[in-house]
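Here's the structure we're looking at; comments come further down.
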Amino acid sequence: MKINDVLRGKGNEVVTISPQATVTELLALLAEHNIGAVVVSADGSAVDGIVSERDIVRLWNGTPDAGDVRVSAIMTAEVHTGTPEDLIDNMMRLMTDRRIRHVPIVVDGALTGLVSIGDVVKSRIGELEFEKEQLSNYISS
């Protein structure tokens, strides 16, 4: 299976935030969409960074006026991205090796989706259940 198969099931909508937004605005966005990470993008298409709940927790630990800090100050600027043609197994390996939970999907420099570790695991479980069913049918016939 490929990442494109995952995106076909979950959709291509990606929540983004401006690098100039504040952490308070970021918190509101995360809560509004019930998500754990947001792609940082000045134009809504290019990936400038990514910011997650963990980044906020690190900031909040001892930073006065943390809510007024700009997203650009806490985001991860070196973002590992994928493509719709990437294999699920390779994406799982990337996420495990890099210890990341969200990977923006990019085509020709434009953001086209976001895949989480939950999306990848759900997809892999579906594959395994299908294989199990096929093996069971083969054995019983």
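The values are calculated or read from the model by the stated rules, or taken from the named source; none is laboratory data. Please read these numbers as outputs of a predicted model, since none were measured by experiment. When we count neighbours, we look across all protein chains shown, and the Cβ atoms used for this are built from the backbone with ideal geometry, even at glycine. Each accessible area value is taken on the protein alone, full model and side chains, heavy atoms only, with ligands, DNA and RNA left out. Shrake-Rupley method; radii C 1.70, N 1.55, O 1.52, S 1.80 Å.
For Ala42, the amide hydrogen comes within under 5 Å of the amide hydrogens of Asp48, counting only partners 5 or more places away or on other chains and with H modelled in the peptide plane. When the helices of the chain are scored as -39500 (n - 2.57) per DSSP H run of n ≥ 4 and the total is divided over every residue, the value at 222 nm lands at -14000 deg cm²/dmol. Put simply, the C-alpha atoms of segment 8-55 give a gyration tensor, and the ellipsoid matching it has half-axes of 17, 14, 9 Å, longest first.
If you plug the beta carbon distance of Leu87 and Trp60 into 1/(1 + (r/R0)^6) with R0 = 30 Å, you get a FRET efficiency near 0.20. Around the amide H of Thr112, modelled in the peptide plane, lie the amide H atoms of Ile105, Val106, Val107, all under 5 Å away and 5 or more residues distant in sequence or on another chain.
Cross-link reach is defined here as a Cα-Cα straight distance under 20 Å, omitting same-chain residues fewer than 8 places apart; for Lys132 the lysines meeting it are Lys2, Lys122. Leu128 sits with roughly 80 Å² accessible to a 1.4 Å probe, with DNA, RNA and ligands left out of the calculation.
Each of Asn12 and Arg124 was given a label point 7 Å from its Cα along the Cα-to-Cβ line. The distance between the two points is 2.6 nm.
Charge tally around Gly67: other residues with Cβ under 14 Å, Lys/Arg +1 each, Asp/Glu -1 each, net -3. Largest to smallest in accessible area, the residues Glu127, Glu13, Glu53 fall in the order Glu13, Glu53, Glu127 (1.4 Å probe, all protein chains included). For segment 51-108, the percent of C-alpha pairs falling in each 5 Å distance bin, counted from 0 to the bin holding the largest distance, reads 4, 16, 23, 18, 14, 12, 8, 4, 1.
Could you tally the net charge around Ile3, taking each other residue with its Cβ under 14 Å from the Cβ of Ile3, Lys/Arg +1 and Asp/Glu -1? Could you put the intermediate results ahead of the total?
On the way: positive: Lys2, Arg8, Lys10, Arg93, Lys122, Arg124; negative: Asp5, Glu85, Asp86, Asp89, Asp119, Glu127.
Residues close to Ile3 contribute a combined charge of 0.
Ranking Met75, Met95, Met1 by solvent-accessible area of protein heavy atoms (1.4 Å probe, all protein chains present), from largest to smallest, gives Met1, Met75, Met95. If I ignore ligands, DNA and RNA and count only protein heavy atoms, how much of Asp89 is accessible to a 1.4 Å probe, in Å² to the nearest 10? Only protein atoms counted, so the area is about 80 Å². Over segment 18-141, the hull volume per residue, using the convex hull of the C-alpha atoms, is 125 Å³. The antiparallel fraction among DSSP beta bridges confined to the chain stands at about 80%. The tail of the calculated P(r) for segment 82-141, taken as Cα-Cα distances beyond 20 Å, holds 38 percent of the pairs.
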